[in-house]
Every structure is written in structure tokens, then in C-alpha cells.
Amino acid sequence: MDMFFQLVINGLAVGCIYGLVALGFVLIYKAGEVVNFAQGELMMLGAFVAFTLIVDFNLNYWLGLALAVLAMAAFGWLLDSVVVRRIIGQPQFSTVMLTIGLGVMMRSGVSIVWGPETRSLSTPFDQMVFQVSGVMISPIYLSILITTVVLCAILALFFRFTRIGLAMQAASQNQLAAYCLGIRVKRVLSSVWALSAGVATIAGVLLAPISLIDVNMGAIGLKAFAAAVIGGFGSITGALLGGVLIGLIELFSAVYLPEGFKNVAAYVVLLAVLVVRPQGLFGTVGRKKV
Amino acid sequence: MNMLQANELSINFGGIKAVDGITFDINKGEIFTIIGPNGAGKTTIFNLISRIYDSSGGNLVFNGVDITRFAPHKIAGLGIARTFQNVELFEHATLLQNLLVAQHAHHTTRMWEEVLFLPRVRESEREIRRNVEEIIDILDLQRYRDSIVHNLPYGVRKNIELARALCSKPKLILLDEPSSGLNVEETEDLSFWIRDIRDDLGVTVIIIEHDLSLVNDVSDRVMAVNYGRLLALGSPEQVQNHPDVIKAYLGG
Amino acid sequence: MRFIFKTHYDQDIDLFPHAGAVFWYSLLAIAAVCAPFFLDPFYLGELSFLFIWSLAGLSLMVLTGYTGLISIGHAAFIGVGAYVHAFLTRNGMPFVPSIICGGIVSALAGIIIAIPAIRMRGLYLAIATLAFSAIAEELFVRWETLTGGSRGVAVPMPVLFGNELDGEVGFYYLCLAVLVICILGVLNLLRSPTGRAWIAIRDSEIAAQSMGVYLAGYKTLAFATSAFLAGVAGGLLAHKVGYLTPDIFTPILSIQLLMLVMVGGLGSIRGAIFGAIFLVLLPTLIAILRDYLPNAIGQQPALEPGIFGLVLVLVVLLEPQGLNGAWMKVKFFFSQFPMYKNATFKRQKTYMRTERLQ
């Protein structure tokens, strides 16, 4: 039973990371219909930047994290305004290829700048261990859960109450109409990229104590992608739930199923979901109007 | 003789009844126009006939065959062709290729024969091309024959869509706002062509149209719809003088 | 400027539009056949590689360039073909039936992935292929009797009509023959109803359907054809590398293939060949480039994928029609010489066109 709870907690935590990266996908997709295959790489880059600030520059953990988020947000903004904006209106294939290309570039850039070796990032709550009715809960996992919940609450408030949040929603519903109403659509799109890169950085830093920081960290992007699809791609809650679902299934299959299933669990679930509900669990059927 | 019968045809999107129990029939060889304000459900009726949507009630009978639950891709084979409101051409193909696709429902060659391009395939290709060239002649499209459709002007693209529909050897053709975006001259050409299609090719025509002069010019019968319901059905004058139709257009 | 005066429908049906094309392609064919007499084995080996890449590119071109379906997991199909072919060859099956079996098994895999995928649109489909390739990769590691696991498996020489095919020259001709046969097959399909149905699906599903194209059927067919060609390419690749390990068939290979079709130019067979040439030449170019860069960057192994990515980004941004598009422009420039307008190929500015998944 202990093991079961342990797995649930760990699965939830890992799932939250997938969910956060997936959330980044969804934000960008909803805003500009760009499918960002480089989201995992944004997360990796964010983790490396945070590592440099915290370990190499010896900054306070929280300050380093905040600066990393800001730096990555600026990077996301630039990425959109310099590169991605140019292909709006081109077929979807172009956006897929563009973001795949960007992801590969980021990966090789990181490898050139930081070198191929892995790093570990210690957190302020590494040494603590909680015990709740006999179950050991590592604070690393707990911190992931709490951060995710807080972050989501902030995002929900942001979208509901701030001007820029509302503008993002408007632009995602109808760009032309939003433009006519005086919303600076280009700027909004760039800020969505900034937001998404910031969230990815937080996900990367949260993940660091579990999986170490290395160049191939971005591979998580694929699982997060699966999460976003399972969640229906248009829905932020869906993305988080999809992430949690995949996290749980992955950890349970590592324990209860033969070796090797852990690696493909996410994809098997993804295919199964797509067979049963091609629009994802929370998606609605979109249909082209003629 | 009835070519197409719609009985109590309905469809709901969520709670909205886009088409609400409409009954009408189309006679063989007539030009039948559907009019109505925007959002009245005209295109939805077309989408139901071409089976893009599943109806939620009623049935459709075409030449004695119940097509209410027919597979969408088999509709063309029965002899129903259509055009689309916002031109749906195969943009990155040439005009010729666009028209050749329209013969798809009638192709008889198998894939393995095509891989080897057996003489039989060549013969069938020639046959297909003969049909297509006839339509190109009728609609005066020779000079665009090998152009990529994407780069052609709007009026031409509309004609290509008409040509493509005709290339599938239809018995019934559905034209969704054929005159929208055309200039006066092009609209005049269109009204001649519509009559030619009926008189020379023997194709029954259903049109959705807003241009009332065109409607009066070509139609044998007119059906007015609003809010998914039938308002009036009859000769063009009857329908245009019908009080409900006037109310629907002028409000009040 | 060339005007083609058409007097017969066969002029549209034939593979070559005019006598000039026949001439140039014959010249190319003669050059390809004579190459072994002039080139040394290293370059011949590179040419075989080029043919295999072209075949793989052709396979993805059928799916992505002509049917408009994105596959981000094409490496898996190549892998399936390679392992099946290697397995059958080891068990003594001659080359021709064995490579066809490899292709067929790969095609079956394509059909299996297509069955859930055909109901999905654009992106979901791409993601399904991604998931499939991740699963296949794991399978290559785990199914040791067939694949030898992560240790890998040796591939014997191809046996053609009872003779073992040894050496570069024989293999060169083999690859050339397979490639030419496959290109002809695809070209034939493209000038028949099947190919036109694919193009129709690419450009407008809804119109294709109303013209009588059975969407699910033709998408599955495109998947099967593409996977078959990928499987055949995999079989050739198995001989070329001589030793199969799962890390050949990683997502990197899939991305390289996507890059191949993108750089070559979507929607043209010529593009697949151009893309393959580019992909074969690029590592050499990068090797030259390394000498000009400062050591800190120039000697990094990560430089190569980085440049791949950069090329991809630049192609998408600057020349979405790829090398084939550039080729057409050059041809157009010379054929129109004094009248060439720069605006002819200017990209139209468009609003965001929605292909939203919701």
C-alpha cells in the first residue's frame, strides 16, 4: 500500500511536469496555431540557464530561478518576433518543420555552449523528508505538485483578469477581429511565446532534481506532446490532466509491467486515446466550414 | 418525374435546428433555386444532400435510392456534383488535373494496373481526357488548361469549380452561390451557362443564390428558407411576393 | 522560350512532356550507367547511399508531398523493412522476394498505423506516427530473435539470381535499378486516378470527397505505398551499413527525411532526388566548414545537427518550395529571359489560415 501511495505521488509529480510542458504547447497553439515541437528544448534551455545562474554565478536559488524565467521569456519573445512570425499563414507543415529545426538548433547550441556532460541542481528542500501516516514523501515531488498548482492558479487569474490575458484569449479566438478591436496581435503572440517559455523554464528547474540536467532532457517534450493531444490540444486543463495521466501510467507500468513498457507507455496510451476519441479526451470535433 | 425528394429533412447542431423539417422535391430537368437570408440553412441543405453532414431526421431519396445514410464518397458516383461557396479547388494542381479528379467516381482501373501503366490504363486515361476537354470547350477554359489554379483570378476559379462539377458527369448539380464575387459580365455568362447545362447537357440544377435578377432569369421554381424552415415554394414571382419572404428580407 | 504545341492527349499522359526532356533524361541515365567505369569505389559507395536516400525521400514524398499527410516517424518504416529483409536474407531467401517481403511487412505496419490515423486530421496524424516510431524503436531493442537487440545483427551480402552480390559496383547497380523501378512506379501512379486522388486529398479533403474519393481508403493506400517504399529503402540500407542496430532508426533519421523532402521541395519527385543530394553532400560541406570555424565551435560534434536545423529553418523561411522551387525559378528566368519579373514568385502575404484542431 505504501508503494502504491508513493507511486501515486511520484506519478502525479512527473505528470505535472509533462502537464506544464504540454501547457506551453497548448498556449502557443491556441494563440497562433503554431505547433511548437521545440517546447521540450525550451525547457532544456531554461534548465541550463537556471543552472548557470544558480551554480556558476552562485545566486540564491529563487533569484536564479526568477532571472532564468525572465531570460527565457525574453528568448521566447525574440524567437516569435524574429523567426516564427514570418511563417504565419503558411501551411501547417511549415510550422512543424520550422519548430523541429529550431529545436535541433537549440539542442546543438546548448551542447556547444555547455558541453555534453550532465549536471545536477540541488534545491533548498533537498534534505527534508516528510512522513505522512507512514508514507515517505520526498519534498522534491511535493514541491513540484505545489508549484504546479500555484502556477496554474496564477495563470487562470492572469487569463481571466489581466488585460494582456484577455487580449491573448481574444487573439486566439479570432485574430482578425482582435486586430480590428485594437489589440496588437503581434505583440500578444510574442508575449504568449514569452509566457510559454517561462513556464517551460519552471518545468525544467522542477524536473532537474529528478532527472538531472542534460542535453537530451528535451525528449520529455514528446511525452508532453502526447499529454497535450490526450487532453485535446485546445484545452489547458486538458493538457494538465493529460500530463498527469501519462505520468501515473508511466510510473505504474514501470513497476507492474515488463521492462521496456515504461518507455512506450505514454505512446501506447496516446494511440489508444486517438483510436477511441480522435479529438482527444477533452477536445471537441472541429470541422471545416464549406 | 421526381429526381430528388427530401422528406422532413432536419439537422441539429447542439441545440440549434439548422434545418428543421424541410420537405421539397426536385423535378428532372428543372432549375431550382434556394434563397434565404444568411444563416438560413441553405448551404446546410447542400451539405446534407452531399452527405457531408448526417441528418438527424427525415430522409433523402435520389432517383429512387435512399441516400440518407449513403457513404459521402459514393454520392458522386450516383451523379450528384456540387460547387462550394468559398471555392474549394485543388490549389496546387493544374486546371486539367483538377478536372481529371472529377472523373474519379467513374474510374475503372486498379492500382496495380496503374503502377505498371498497362495499355488499358492509357486507354482509360484518354477516355477521361476526352470528357474533360469537352467541358473545357464549353466553359471556354482552354487558355488556363495547364496553369496552376492557385494563381488564377477569382472569376476563373469559380468557373473552374463549375467545370469540375460538370466533369463528374452529374445528373444533378448543386451550385452554392455561383455568382458571388463575379462582375456583371461574368454573371451574365453564368446565367447562359446554367441554362446550357440544363438544356444541352440535360443536368438538373439546384442553385443557392442571392442575386435575385439571376434567380428570376434562370429558375423554374424557387424555394425560400429562413431559420431552417421552408417559407415558400413556387415560381419566382410567387415566392418573391409571398408575405413571409418579404418579412424575412425586410425584417419586421 | 519553349512552346509546346499539343496535338494529342498522349502528350499530357506521357512521362516526358517533350523531346528535350527525353534527351536530358537519357543523358542522365547513360551517365548513371557508366559511372562505375569512371568513379572510384568510395564515390560509388556515396552514390549508392544517394540512391537509398532518394528512395526513402520518394517514400516520404508520396505521403507528405503528394497526399499532404505528415509523418514524423518515418524511420520506423525504414527500420521494419531493414530488419525483416535482414532476417529473411540470413535465413537464405534471395534478394528480390526478401526485399519485397520487407516492403510488404512495412506496408502492413503502415496500414496498422493508418487505421487509427485516417480519422485524424493533420497534426494528430503526425503525432500518431511519432508515437508509432517511439514504440517501434523500443520493439527493435526488445525483440531480440528478430533484431539482435541493442547488440545488433549482421546483414549478409545480397543474393541475386543465385549469385552473391559482392563489391561496390554490383551494389551500385542494384540500388540504381531499385530506385528507377520505384520512381517509375510512383510516376505511373501519379498520372493515374490514384495519384490524382492523393493530390486532391492534399489540397482539399472536402472537395475530394465530393468528387467521389474515398478519403480513408486513399489515405491508407498512401500510407501503405509510402511504407512499402520506405521498407524497400530499409532493405537496401541494411546491406549498405552491413550491421543493423536500433540506434540507426532514431527520430534523427525521421527528421533528416523530413528535411530531405522540405529542402528538396514538397510535391515533386525531382525534389526527393535534390533533397537526397543535399543530404549526402551536407556532411562533407560541414567538414570543410569546420576548418574555417574557431576550434571551440568547429570541433564540436554537435555542430552537424545544429547546421541541419539551421538549414531547415532557413528553407522554411526563405524558400518553402525547396531546391526544386529554386530550380524552377532559374529555369523560368532563362526561358523568359528579358521579360522576367521579380514579382512572379513573390510569396503572397496571408492572414492566419485556420487548420485548428480545437
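The values are calculated or read from the model by the stated rules, or taken from the named source; none is laboratory data. Small disclaimer: the values here were computed from a predicted structure and weren't measured. Please note: Cβ atoms are built from the backbone with ideal geometry, for glycine as well, and neighbour counts cover all protein chains shown.
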Filter the range B:31-61 down to residues that are farther than 20 Å from B:Gln103 by Cα and either touching a residue at least 60 places away in the same chain (Cβ under 8 Å) or outside the structural domain of B:Thr204 (by TED's automatic domain parsing) (or both), then give me how many there are.
-> 14
Considering only residues of the range A:29-65 that are among the aliphatic types (A, V, I, L, M) and outside any helix (DSSP H, G or I), which is surrounded by the most Cβ atoms within 10 Å (Cβ to Cβ)?
-> A:Ala38
What are the residues in the range C:1-32 that are surrounded by 12 or more Cβ atoms within 10 Å (Cβ to Cβ) and within 30 Å of C:Ile78 (Cβ to Cβ), if any?
-> C:Leu15, C:Tyr25, C:Ala29, C:Ala32
On the given criteria, is C:Ile118 in contact with a Leu (Cβ under 9 Å, 6 or more places away or on another chain) and more than 9 Å from every other protein chain (Cβ to nearest Cβ)?
-> yes
Report those helices (runs of 4 or more DSSP H) wholly inside the range C:137-250 carrying at least 2 residues which are within 20 Å of B:Val115 (Cβ to Cβ) and modelled with pLDDT of 85 or more.
-> C:168-190, C:193-203, C:215-241
Restricting attention to the range A:66-120, and to residues there that are within 14 Å of chain C (Cβ to nearest Cβ) and outside any helix (DSSP H, G or I), which single residue is modelled with the lowest pLDDT?
-> A:Gly89
With respect to the numbered conditions (1) crowded, with 23+ Cβ neighbours inside 10 Å; (2) at the interface with chain A (Cβ under 8 Å from one of its Cβ atoms), which one is the sole condition not fulfilled by C:Val141?
-> (1)
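Which is over 14 Å from the mean Cα position of the chain (by Cα), without any contact (Cβ under 8 Å) to a residue 24 or more places away in the chain and over 30 Å from B:Ala248 (Cα atoms), of B:Thr94, B:Thr109, B:Thr68? Give the derivation first.
Details: B:Thr94 fails: without any contact (Cβ under 8 Å) to a residue 24 or more places away in the chain; B:Thr68 fails: over 30 Å from B:Ala248 (Cα atoms).
Going through B:Thr94, B:Thr109, B:Thr68 in turn, just one is over 14 Å from the mean Cα position of the chain (by Cα), without any contact (Cβ under 8 Å) to a residue 24 or more places away in the chain and over 30 Å from B:Ala248 (Cα atoms): B:Thr109.
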Are any residues in the range C:221-272 polar (S, T, N, Q) and within 14 Å of chain A (Cβ to nearest Cβ), and if so, which ones?
-> C:Thr250, C:Ser254, C:Gln256
Can you pull out the residues in the range A:171-193 that are among the small types (Gly, Ala, Ser), modelled with pLDDT under 80 and closer than 17 Å to A:Phe159 by Cβ?
-> A:Ala171, A:Ser172, A:Ala178
Within the range B:117-233, helices (runs of 4 or more DSSP H) holding 2 or more residues that are of a type in the set (Ser, Thr, Tyr) and in contact (Cβ under 8 Å) with a residue 24 or more places away in the chain = B:184-199
For B:Ala93, state whether it is farther than 30 Å from C:Gln321 by Cβ, at the interface with chain C (Cβ under 9 Å from one of its Cβ atoms) and not basic (Lys, Arg).
-> no
For the range C:207-254, which residues satisfy the criterion of being under 30 Å from B:Arg82 (Cα atoms) and either surrounded by fewer than 20 Cβ atoms within 10 Å (Cβ to Cβ) or among the hydroxyl-bearing types (Ser, Thr, Tyr) (or both)?
-> C:Ser210, C:Tyr214, C:Leu215, C:Ala216, C:Gly217, C:Tyr218, C:Thr220
Condition check for C:Ile181: without any contact (Cβ under 8 Å) to a residue 24 or more places away in the chain, among the aliphatic types (A, V, I, L, M), over 30 Å from B:Ile173 (Cα atoms) and within 13 Å of another protein chain (Cβ to nearest Cβ) | yes
Limited to the range B:109-141, what total is found for residues that are at the interface with another protein chain (Cβ under 9 Å from one of its Cβ atoms) and β-branched (Val, Ile, Thr)?
-> 4
So which pairs qualify, if the first residue must be in the range C:260-277 and within 12 Å of A:Met97 (Cβ to Cβ), the second must be surrounded by fewer than 24 Cβ atoms within 10 Å (Cβ to Cβ) and among the charged types (D, E, K, R), the Cβ gap must be under 9 Å, and the two must be at least 6 apart or on different chains?
-> C:Val263/C:Glu319
Is it true that some residue in the range A:162-183 is of a type outside the set (Ser, Thr, Tyr), touching a residue at least 12 places away in the same chain (Cβ under 8 Å) and assigned to a loop (DSSP other than H, G, I, E, B)?
-> yes
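Of these, B:Ile80, B:Ile35, B:Ile26, B:Ile11, which one is touching a Gly at 6+ places or on another chain (Cβ under 8 Å) and of a type in the set (A, V, I, L, M)? Full working, then the answer.
Details: B:Ile80 fails: touching a Gly at 6+ places or on another chain (Cβ under 8 Å); B:Ile35 fails: touching a Gly at 6+ places or on another chain (Cβ under 8 Å); B:Ile26 fails: touching a Gly at 6+ places or on another chain (Cβ under 8 Å).
Among B:Ile80, B:Ile35, B:Ile26, B:Ile11, only B:Ile11 is touching a Gly at 6+ places or on another chain (Cβ under 8 Å) and of a type in the set (A, V, I, L, M).
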Could you look through the range C:274-304, keep only residues that are within 8 Å of another protein chain (Cβ to nearest Cβ) and crowded, with 18+ Cβ neighbours inside 10 Å, and pick out the one that is modelled with the highest pLDDT?
-> C:Leu303
Are any of the residues in the range C:200-213 under 23 Å from B:Glu125 (Cβ atoms), more than 7 Å from chain B (Cβ to nearest Cβ) and in contact (Cβ under 8 Å) with a residue 12 or more places away in the chain?
-> yes
Scan (1) outside the structural domain of B:Leu175 (by TED's automatic domain parsing); (2) buried (at least 19 other Cβ atoms within 10 Å of the Cβ); (3) modelled with pLDDT under 90 for the single condition B:Val101 breaks and write down its number.
-> (3)
